[in-house]
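The values are calculated or read from the model by the stated rules, or taken from the named source; none is laboratory data. It should be emphasised that the depicted structure is a prediction, and the values quoted were computed from it without experimental measurement. FYI the Cβ positions are ideal-geometry reconstructions off the backbone, even for glycines, and counts take in every protein chain you see.
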Amino acid sequence: MELQHNSTLDIFDIKDHKNWFMAYAAEQCAKEEGRQHGDVAPMLLKLRHSHAVLENAERIVAGERLSPALGRVCLLAALYHDIGRFEQYLRYHTFKDRQSCDHGSLGVRILKREHRLIDEEPATRKAILAAIGLHNRFALPSGLPEATAVAAHVVRDADKLDILRVMDEHLSGPGPYNPTVVLSLPDTPGLYSETILKAVSENRVAAYADLRSVNDFRLLLGTWFFDMHFTSSRYQFVEDGHARNLVQGLPTDAAYDGARQAMLEKIGGRS
């Protein structure tokens with residue numbers, strides 16, 4: 001099924017979708033605020049993150065000169081990519097999929113339940129849902145339809161670029177770490193993962209499952225450079241400087257020195 005595009009439709013005009021998303025997110029946040037000892041801050045971070053990912057996706061779509069029909073798939077997939085996070089947090093009070101549920105799959109179920117994409121072309125709707133369901137996989141499966149693959153790559157790049165911003169702001173800030181934001185990892189000097197260090201030496205993306213500490217997380221975020229799919233994404237990765245700041249924040253000790261220097265040579269910055 002080929003993507004169809006209404007020539008009178010501006011692919012960047014997704015105001016109705018944005019308005020609905022804001023209302024939905026506000027409703028979920030209100031539920032958390034109404035709880036005794038509720039903590040809505042992580043949900044508000046995800047709300048800001050969703051809008052930032054959409055902005056990143058807009059830059060990628062423009063930079064890669066994607067077709068109008070494909071561009072619309074990418075933008076709507078970006079807007080809704082983390083819609084499952086709100087109900088995930090309400091149910092489990094964590095963003096760790098391994099300890100709760102797959103937030104990509106949950107997002108697909110929510111969009112179907114709410115009939116949010118009913119006015120989109122069938123092929124557009126199918127590609128959006130598939131991209132959302134796949135965006136948080138460690139790696140995309142081969143043989144995907146072109147629209148699904150491109151949209152998933154746009155979302156994954158845009159998502160990572162903003163997570164770098166979130167983590168840079170959080171780890172560089174004056175306040176204490178929010179355990180939810182750093183995946184409840186310990187900030188323990190001397191605690192590190194050999195597997196994460198090996199991923200850096202092999203120029204490949206490190207895995208969440210191998211994290212042992214906040215410093216491991218800093219390094220993992222730097223390895224996302226190896227997973228940027230689009231030229232415009234790699235450019236933004238370096239220009240934003242968030243990964244560079246995170247890696248430069250690693251301790252200067254024997255455990256991290258080699259990986260720190262190797263990573264900074266890839267993404268720019270002084271070791």
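Using beta carbons and a limit of 8 Å, which pairs, at least six apart or on different chains, have the first residue in segment 31-49 and under 11 Å from ASP82 (Cβ atoms) and the second one at pLDDT 95 or above and among the polar types (S, T, N, Q)?
MET43/GLN28
Pull up segment 71-119, narrow it to residues that are outside any helix (DSSP H, G or I) and surrounded by 18 or more Cβ atoms within 10 Å (Cβ to Cβ), then point me to the one that is modelled with the lowest pLDDT.
PHE95
Output yes when any residue across segment 254-262 is in contact with an Asp or Glu (Cβ under 6 Å, 6 or more places away or on another chain) and assigned to a helix (DSSP H, G or I), and no when none is.
No, every residue in segment 254-262 fails to be in contact with an Asp or Glu (Cβ under 6 Å, 6 or more places away or on another chain) and assigned to a helix (DSSP H, G or I).
Considering only residues that are buried (at least 20 other Cβ atoms within 10 Å of the Cβ) and over 14 Å from MET167 (Cα atoms), which ones fall in segment 200-218?
Within segment 200-218, VAL200, ALA206, LEU211 qualify.
Condition first: assigned to a loop (DSSP other than H, G, I, E, B) and either in contact with a His (Cβ under 7 Å, 6 or more places away or on another chain) or more than 26 Å from HIS115 (Cβ to Cβ) (or both). Can you find one or more residues in segment 40-57 that meet it?
Checked segment 40-57: at least one residue is assigned to a loop (DSSP other than H, G, I, E, B) and either in contact with a His (Cβ under 7 Å, 6 or more places away or on another chain) or more than 26 Å from HIS115 (Cβ to Cβ) (or both).
Name the one entry in PHE217, PHE237, PHE225 that is of a type in the set (Phe, Trp, Tyr), farther than 26 Å from LEU76 by Cα and within 15 Å of the chain's Cα centre (by Cα).
Only one candidate passes the filter, namely PHE217.
Conditions tested, residue by residue: (1) under 20 Å from GLU58 (Cβ atoms); (2) among the basic types (Lys, Arg).
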site	(1), (2)
LEU117	yes, no
PRO122	no, no
HIS135	yes, no
PRO141	no, no
VAL150	yes, no
ASP157	yes, no
LYS160	yes, yes
ILE163	yes, no
MET167	no, no
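Those residues that are more than 18 Å from TRP20 (Cβ to Cβ) and either without any contact (Cβ under 8 Å) to a residue 24 or more places away in the chain or basic (Lys, Arg) (or both), I need them from segment 94-127; list them, please.
Result: LYS96, ARG98, GLN99, SER100, CYS101, LYS126.
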